[in-house]
There are 2 protein chains.
Amino acid sequence: MQARSEKASRKSSAAGVAPLSDCTCFAIRAAMRNVTQFYDEALSSSGLRITQYSILTRVFERGGLTMNELADLLVMDRTTLTHNLRPLQQQGFLELAVGDEDRRQRRVMLTPAGDEARLAARELWKVAQERFDAKVGADHARALRSALLAVAHTDLGVSRD
Amino acid sequence: MQARSEKASRKSSAAGVAPLSDCTCFAIRAAMRNVTQFYDEALSSSGLRITQYSILTRVFERGGLTMNELADLLVMDRTTLTHNLRPLQQQGFLELAVGDEDRRQRRVMLTPAGDEARLAARELWKVAQERFDAKVGADHARALRSALLAVAHTDLGVSRD
DNA sequence: AGCGAAAAGGTGTATGTCCACGTATTTTCT
DNA sequence: AGAAAATACGTGGACATACACCTTTTCGCT
């Protein structure tokens, strides 16, 4: 029994109906799924997922940051970061140190083993990135990346903590 | 102890180093997190998440599809769809029917209760969408959506099943 | 008819994501 | 100093995502 509270006989893209393809959030999530699968598959032999590679790379670029600072840089919920750090800590890729001046803080440090994993994954990442650029066009990819980073840092009025 | 296998004293955006901000996958995931939080918060009083709203809307637009067909339309892994349907089934918003000709198939049907939930959420979705468009500019939002849908449907060589 | 390949779908596990809530520590105010 | 507020962070639960593996059913071929 298919419910029909709107006239489904006419195309749903008609004025006022708003098909799913109009939803920016659906579009970004669908694209995310496709792109993440591609990058994760490219990185698979390294044992790192793209999220983990992102975290290790950020910590390499800016080591010794607190959880809050790192989460902000990653545009990631603080508690999400806590969960995501667990497997990386268990593998010995990252370590947490209590802050010197403020003992509430946890400073995230990259270990030598973590840096090795990052370097190995970086080679695989490069291949994926180049292949993606070739698929969609390098210029378009750069423009898209720029637009996405802008959206990522746009304050949409989400109450964060 | 901060590992340093590259000269971190010079800017990591220098040639050959590839900072995290160059990663298209990180950019799309970061933007996804920000945008999803915004839409989910807007939909929260409806009891639906944006993923659930997307599924209900797709089933409304194209009812009676099989799992494979629906997963393809949603650019979602088949097994992810299976998991995502569970809470919607338990709430009585969707029903699965064994296929008439092929008993392996499951046809996904929207229930009247599911359509009610969809309609209620749609009003909240509209507000979020309009507010997003106002934030980033309607033209830019439309172009971004279009580009993201194209990326979502680009064959990047991911082996699906 | 019967057998092996292919297709449709579910389950289990691990990670990713975020909210509500709780704990420990620091800061602020009186 | 001491209480209250603010801050930094963790935990538990629910949904989101995808891979490896499994079962059921259908198809293709002899």
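The values are calculated or read from the model by the stated rules, or taken from the named source; none is laboratory data. As the structure is a computational prediction, the values presented were derived from the model and not from experiment. So basically every Cβ, Gly included, is an ideal-geometry build from the backbone, and we count neighbours across all protein chains shown. Surface accessibility is based on the protein's heavy atoms, side chains included, excluding ligands, DNA and RNA. Shrake-Rupley method; radii C 1.70, N 1.55, O 1.52, S 1.80 Å.
Return the pairs, sorted by first residue and then second, in which the second residue is of a type in the set (S, T, N, Q) and in a loop (DSSP other than H, G, I, E, B), the first residue lies in the range B:46-62 and is over 15 Å from B:Gln91 (Cα atoms) and free of Cβ contacts under 8 Å to residues at least 40 places away in the same chain, the beta carbons are less than 8 Å apart, and the residues are 6+ apart or on different chains.
Every condition considered, the pairs that remain are B:Glu61/A:Ser12.
When you scan the range A:38-56, how many residues do you find that are under 12 Å from the mean Cα position of the chain (by Cα) and polar (S, T, N, Q)?
Number of matching residues: 3.
So if I check each of A:Asn84, A:Asn68, which one is closer than 24 Å to B:Pro19 by Cβ, more than 16 Å from the chain's Cα centre (by Cα) and either of a type outside the set (Val, Ile, Thr) or surrounded by 13 or more Cβ atoms within 10 Å (Cβ to Cβ) (or both)?
Among A:Asn84, A:Asn68, only A:Asn68 is closer than 24 Å to B:Pro19 by Cβ, more than 16 Å from the chain's Cα centre (by Cα) and either of a type outside the set (Val, Ile, Thr) or surrounded by 13 or more Cβ atoms within 10 Å (Cβ to Cβ) (or both).
For B:Arg122, state whether it is in contact (Cβ under 8 Å) with a residue 40 or more places away in the chain and among the charged types (D, E, K, R). So that I can check it myself, show each step before the final result.
On the way: in contact (Cβ under 8 Å) with a residue 40 or more places away in the chain: yes; among the charged types (D, E, K, R): yes.
The answer is yes for B:Arg122.
Would you confirm, using the coordinates I've provided, whether B:Arg78 is within 10 Å of DNA strand C (Cβ to nearest atom) and open to solvent by 50 Å² or more (accessible area, probe 1.4 Å)?
yes
Restricting to the range B:108-127, give me the number of residues that are buried (at least 19 other Cβ atoms within 10 Å of the Cβ) and more than 8 Å from chain A (Cβ to nearest Cβ).
4
What's the number of the only condition in (1) open to solvent by 30 Å² or more (accessible area, probe 1.4 Å); (2) within 23 Å of A:Ala18 (Cα to Cα); (3) touching a Ser or Thr at 6+ places or on another chain (Cβ under 9 Å) that B:Glu130 fails to meet?
For B:Glu130, the failing item is (3).
Take the conditions at pLDDT 95 or above, among the polar types (S, T, N, Q), more than 15 Å from DNA strand D (Cβ to nearest atom) and surrounded by fewer than 21 Cβ atoms within 10 Å (Cβ to Cβ) and apply them to B:Ser21. Does it pass?
So B:Ser21 does not fit the description; no.
Looking at the structure I just gave you, is B:Glu95 of a type outside the set (A, V, I, L, M) and touching a strand residue (DSSP E or B) at 6+ places or on another chain (Cβ under 7 Å)?
So B:Glu95 fits the description; yes.
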